[in-house]
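The values are calculated or read from the model by the stated rules, or taken from the named source; none is laboratory data. Remember, it's a predicted structure, so these values are computed and weren't measured experimentally. Neighbour counts are summed over all protein chains in view; Cβ atoms, including those assigned to glycine, are modelled from backbone coordinates with ideal geometry. We work out accessible area using only protein heavy atoms, side chains counted, and drop any ligands, DNA or RNA first. Shrake-Rupley method; radii C 1.70, N 1.55, O 1.52, S 1.80 Å.
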Amino acid sequence: TNYDQLSDFVDMNELPLVIDYSHKEVAREIFNNLRIRNQLVLFYNPSDEDYESYMSEFLKVAKELQGETYCIKADLKKSERLMRYFSIFEYPKHGFVLHSNSNTGQFCRRYLYEGNLVVEDLHSFVDKAMRQETSLHRIFN
C-alpha cells in the first residue's frame, strides 16, 4: 500500500548514512523492525592501520545504498552480541563486512564479504547478495 511504501521510505531515510551499533536504541530498532530487510555491517577494529581508509570507503558505499540497505558499523571489541546474532563466533583481528537479507521470506540469508574494502567491490557484493548468488560465502545459522 502507499502508506507502507511511505513509511518504509521515511524509515530508510531518517537515520544517518552509517549507523553506529554502539547507539543501542537505534540498533535495537533496526534489528527488531521486520520491514528493514537489508543490512550491510562493517565490523571494524579502530586500532587497525587501515581503519580511516575503510571507514571512508564504507561511507561512500552507504551513500550509494541509501534507501535500500542499512549500513551499520560495529566495533569488534564492543559487538560480541551482534557477532553472535550473525553467527560469527571468532574475533578476527581485522575488520570484515557481511550482508543480511531477509527479503527471501521466512529465512534470512547472510553473506560474508571477502574482497577489498573499496566502493565498487562492496557495491557489487551487495548486488550479488540481493540476487543470492551462489558464488558468495554464505553464513549458515
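Odds and ends about this structure:
- Matching residues in segment 64-98 - criterion: being buried (at least 20 other Cβ atoms within 10 Å of the Cβ) and at pLDDT 80 or above: THR69, TYR70, CYS71, ILE72, LYS73, ALA74, LEU76, SER79
- Against the conditions (1) open to solvent by 30 Å² or more (accessible area, probe 1.4 Å); (2) in a helix (DSSP H, G or I); (3) modelled with pLDDT of 90 or more, VAL61 satisfies every one except (1).
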